[in-house]
Amino acid sequence: MLWLLLLILPCLGASVPGTPGPERPGIVGGCPVAARSFPWQVSLRFYSMRQHRWQHQCGGSLVHPRWVLTAAHCLEPQELGACAFRVQAGGLRLYAPGEELSRVVQIIRHPEYNSSLGAAGGADIALLRLEADVPRGRGVPVSLPAAALSIPARKICWVTGWGDLGYHRPLPPPYHLREVAVPVVGNGECDQRYRNSSRHRPAIRDDMLCAGDKDQNSCQGDSGGPLVCRWNCTWVQVGVVSWGRCCGLQNFPGVYTRVASYVPWIRSYVPWFSGP
Ligand code: 4AZ
């Protein structure tokens, strides 16, 4: 038990869900992404007065040429309006010369997201409407799952992002997007693992999905980004990076917002898109 405590303690501060600041851009393990493998991935930017640039804050995904899916906790504080954010689509590297940013014209945070509970409270999902369609050369939307989709434990899926490589290990320049394969962990088992760690553990709710293993995980700065699985040659987004304890610890899978739980909500805003 003591070894577990020693393992967890150094990163407790960094693992609190809900506040990925602009300075906390992780994929733990994994590889750099080859061009066009994950063309729906976007970087959500927030203006940093200190760095004088639109700083990477979170990931996101195109679910339509004009709509981005991300995590509600990436858009805090709640008072921030659409003009506080920009979206970069189509780039594998952050801050590449000549990168084009899209303006956000509408933010829709899920009404059940509770900012005082943060990501661990659930409904950590939000939509961003862009000013104009992202041209196909800069991004291709990912498919959404059927609302009834159940994802078998141990299925291998992929998470992508520009987040930390591990505890206090930010992604170094040239900030190349990374991917890692993560096994899905059933909700019951995931809940058990978090429960064993603390008496004040957050529960794994039905609208969450767990995935990851030792050295295969998402991390700070990946929040809001997509967890995708492949079925019959089609990539489907099953999760949105949301929270977790540390990154890449054996007993703590990453916790994702379960997209299937929110498909009717997403469809109430985002038109169907079936290619250009
Ligand atoms: C975060 O704070 C965070 N290992 C995101 C994902 C995970 C942990 C923390 C999952 O943004």
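The values are calculated or read from the model by the stated rules, or taken from the named source; none is laboratory data. Here the structure is a predicted model, which is why all the values come from computation and not from measurement. Glycine gets a Cβ as well: all are built from the backbone with ideal geometry, and neighbour counts include every protein chain shown.
Observations on the model:
- Verdict on GLY239 being touching a Gly at 6+ places or on another chain (Cβ under 6 Å), of a type in the set (Gly, Ala, Ser) and either modelled with pLDDT under 95 or within 16 Å of the ligand (Cβ to nearest atom) (or both): no
- Within segment 249-276, restricting attention to residues that are under 20 Å from GLY121 (Cβ atoms) and among the polar types (S, T, N, Q), the residue that is surrounded by the most Cβ atoms within 10 Å (Cβ to Cβ) is THR257.
- Test: residue in segment 266-276 that is touching a strand residue (DSSP E or B) at 6+ places or on another chain (Cβ under 7 Å), within 16 Å of the ligand (Cβ to nearest atom) and not assigned by TED's automatic domain parsing to the domain that holds VAL134: no
- Wholly within segment 41-113, strands (runs of 3 or more DSSP E) carrying at least 3 residues that are within 19 Å of the chain's Cα centre (by Cα), of a type in the set (Val, Ile, Thr) and closer than 30 Å to SER274 by Cα: 101-109
- Neighbours by Cβ (under 6 Å, 6+ apart or cross-chain): first from segment 154-178, acidic (Asp, Glu); second surrounded by 23 or more Cβ atoms within 10 Å (Cβ to Cβ): ASP164/GLY26; ASP164/CYS219; ASP164/GLN220; ASP164/GLY221
- Residue in segment 220-230 that is surrounded by fewer than 21 Cβ atoms within 10 Å (Cβ to Cβ), over 13 Å from GLY30 (Cβ atoms) and either more than 12 Å from the ligand (Cβ to nearest atom) or among the small types (Gly, Ala, Ser) (or both) present: yes
- Scope segment 24-41; condition in contact with a strand residue (DSSP E or B) (Cβ under 6 Å, 6 or more places away or on another chain), within 16 Å of the ligand (Cβ to nearest atom) and of a type outside the set (Gly, Ala, Ser); matching residues: PRO25, ILE27, VAL28, GLN41
- Tally, over segment 186-217, of residues that are part of a helix (DSSP H, G or I) and of a type in the set (S, T, N, Q): 4
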